[in-house]
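A.B. asks: Quick one: structure below, then a few questions.
The values are calculated or read from the model by the stated rules, or taken from the named source; none is laboratory data. Everything numeric in this text was worked out from a predicted model, so none of it was measured. Note that we place each Cβ from the backbone using ideal geometry, even for glycine, and neighbour counts take in every protein chain shown. Quick note on the areas: whole protein, heavy atoms, side chains included, nothing else; ligands and nucleic acids left out. Shrake-Rupley method; radii C 1.70, N 1.55, O 1.52, S 1.80 Å.
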Amino acid sequence: MGSAAQAEWRTVDGFSDPFNGFDTRAAVTEAEDGTQLHLYRNPVGRVYALFTLPEDGPDFATEGPVATLTPEGFNAKSIEARSEPGRIVEYGATQGRTLRDRLWHGEGTAPAFGTLHDLIEAPALTATFTLADGSTHSATWSMDGAGTPIAHALGITIEGAAAGQEWEDAAAQALLAAMTTCQFPKLDVTCVQKVTACSDKISTDRDIDSFDACVAD
């Protein structure tokens, strides 16, 4: 079975990890057939990929090589699942229609190499999964427009993405500057209301230039 990339990447808050139950922020997209891909951190900062099969068809295999990830233009990564956790190596884990695998240890501002780095740099990601009945399932996701949702969800720096500490500092400065203008020479309530109304340009649209233009109108 195969699928082509369709859905845009987006960030979701309050995503719940199905294996350990913690809530976190995630970047998510969906292949044409409904196979979902979530990228997120666990509470200690490790970054995971979670794959969810569409409703129809067999579940994931529970043991052995269960997936091969291939960021276009980069080396493939094989995912092995085991029912018992490894003492040193963290293996993939399956649970019915979901597969989770660790992509990055999470230390630093951004991955310098490895699968997460390759995934971010690639134009597309393809995965081939092994299912419980021995058949395979393939899906492809476009990485076009993935930078900002991934950077926002993981709190990492990606060149050109409206996220990461540098962007957060710039956004905070833009909001502070606008609010400061509203207070001098005296407090202007209408100005404050306008800045508040325009703040979605930063918090939702993640566009500082649009926020500046909004408050300037």
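A.B. asks: Pairs of alpha-carbon atoms within less than 8 angstrom and 6+ residues apart define the contacts here; what relative contact order does the range 165-216 have, in percent?
C.D. replies: Relative CO of the range 165-216 lands at 32 percent.
A.B. asks: To the nearest 20 debye, what is the magnitude of the charge dipole of the chain about its Cα centre, counting +1 on the Cβ of each Lys and Arg and -1 on the Cβ of each Asp and Glu?
C.D. replies: 540 debye
A.B. asks: Straight-line reach from Lys186: which lysines have Cα under 18 Å away, leaving out those fewer than 8 places along the same chain?
C.D. replies: Within the straight-line limit of under 18 Å, Lys186 reaches these lysines: Lys194.
A.B. asks: Let me ask something else about it. Check the straight Cα-Cα distances from Lys77 and name the lysines below 20 Å, setting aside those fewer than 8 residues away within the same chain.
C.D. replies: Candidates past the 8-residue exclusion: nothing left.
A.B. asks: Among (i) 44, 40, 34; (ii) 74, 49, 33; (iii) 72, 36, 32, only one was calculated for this model; which label is it, if the read-out is Cα extents along the principal axes in Å?
C.D. replies: Matching the structure shown: (iii).
A.B. asks: If I take every Cα pair under 8 Å that is 6 or more residues apart in the range 54-185, average their sequence separation and divide by the length, what percent do I get for the relative contact order?
C.D. replies: It rounds to 20 percent for the range 54-185.
A.B. asks: Next question. What residues from the range 106-126 fall in the zone where the backbone N is under 15 Å from a label point 7 Å along the Cα-to-C-beta line of Ser138?
C.D. replies: 124-126
A.B. asks: So, one more: Under a crude label model (7 Å from the Cα following the beta-carbon direction), how far is Glu159 from Leu176 in nanometres?
C.D. replies: Result for the modelled spin labels: 2.9 nm.
A.B. asks: Oh, and also: Could you report the accessible area of Ser142 in Å², rounded to 10, computed with a 1.4 Å probe on the protein chains as they sit in the structure?
C.D. replies: Taking all protein chains as shown, Ser142 has close to 40 Å².
A.B. asks: While we're here: R0 = 35 Å: FRET efficiency of Asn42 with Ala197, Cβ-based, nearest 0.05?
C.D. replies: FRET efficiency, Asn42 to Ala197: 0.45.
A.B. asks: Using a 1.4 Å probe, how large is the accessible area of Asp144, given in Å² and rounded to the nearest 10?
C.D. replies: 130 Å²
A.B. asks: Follow-up. Ignoring everything but the protein chains, give the 1.4 Å probe accessible area of Phe22 in square angstrom, nearest 10.
C.D. replies: About 30 Å², ignoring ligands and nucleic acids.
A.B. asks: Quick one: which residues, 5 or more positions from Trp104 or on another chain, have an amide H under 5 Å from its amide H? H modelled 1.01 Å from N in the peptide plane, none for Pro or chain starts.
C.D. replies: Result for Trp104 returns Val47.
A.B. asks: With the cut-off at 1.5 for a/c, could you classify the range 38-125 from its C-alpha gyration tensor as rounded, prolate or oblate?
C.D. replies: Judged from the Cα gyration tensor, the range 38-125 comes out oblate (a/c at least 1.5, b/c at or above a/b).
A.B. asks: When the chain is treated as a GNM, springs tying every alpha-carbon pair under 10 Å, which of Pro65, Pro54, Pro185 comes out with the largest mean-square fluctuation?
C.D. replies: Pro185
A.B. asks: Could you pull out every one of the aspartates and glutamates with an alpha carbon less than 18 Å from that of Lys201, ignoring same-chain neighbours closer than 8 positions?
C.D. replies: Asp13, Glu166, Glu168, Asp169, Asp209, Asp212, Asp217
A.B. asks: Would you calculate a helix-derived [θ] at 222 nm for the chain, using -39,500 (n - 2.57) for each DSSP H run of n ≥ 4 and dividing by the full residue count, to the nearest 500?
C.D. replies: My calculation for the chain gives -7000 deg cm²/dmol from helical runs alone.
A.B. asks: Right, another one. Explain nothing, just compute: Karplus ³J(HN,Hα) = 6.51 cos²θ - 1.76 cosθ + 1.60, θ = phi - 60°, for every residue of the range 127-132 in order, whole Hz, x for Gly and Pro.
C.D. replies: Along the range 127-132, the couplings run 10, 10, 10, 9, 9, 4 Hz.
A.B. asks: While we're here: Looking at the chain, which longest stretch skips every one of the trypsin sites (Lys or Arg not before Pro) that is in a DSSP loop with at most 14 other Cβ atoms within 10 Å, leaving the sites themselves out?
C.D. replies: Of all site-free stretches, the longest is 88-185.
A.B. asks: What are the ³J(HN,Hα) values, in whole Hz, obtained from phi via the Karplus relation 6.51 cos²θ - 1.76 cosθ + 1.60 with θ = phi - 60°, for each residue of the range 24-38 in sequence order, with x given for Gly and Pro?
C.D. replies: Per residue, the Karplus-derived 3J(HN,Hα) values read 7, 8, 9, 9, 9, 8, 9, 6, 4, 8, x, 5, 9, 10, 10 Hz.
A.B. asks: Kindly identify the range 104-158 as rounded, prolate or oblate by the Cα gyration tensor criterion: order the square roots of the eigenvalues as a ≥ b ≥ c, call it rounded if a/c is under 1.5, otherwise compare a/b with b/c, prolate if a/b is larger, else oblate.
C.D. replies: prolate
A.B. asks: Mind giving me the nanometre distance, one decimal, between the label points for Thr62 and Glu84, set 7 Å out from Cα along Cα→Cβ?
C.D. replies: Spacing of the two 7 Å Cα→Cβ label points: 1.5 nm.
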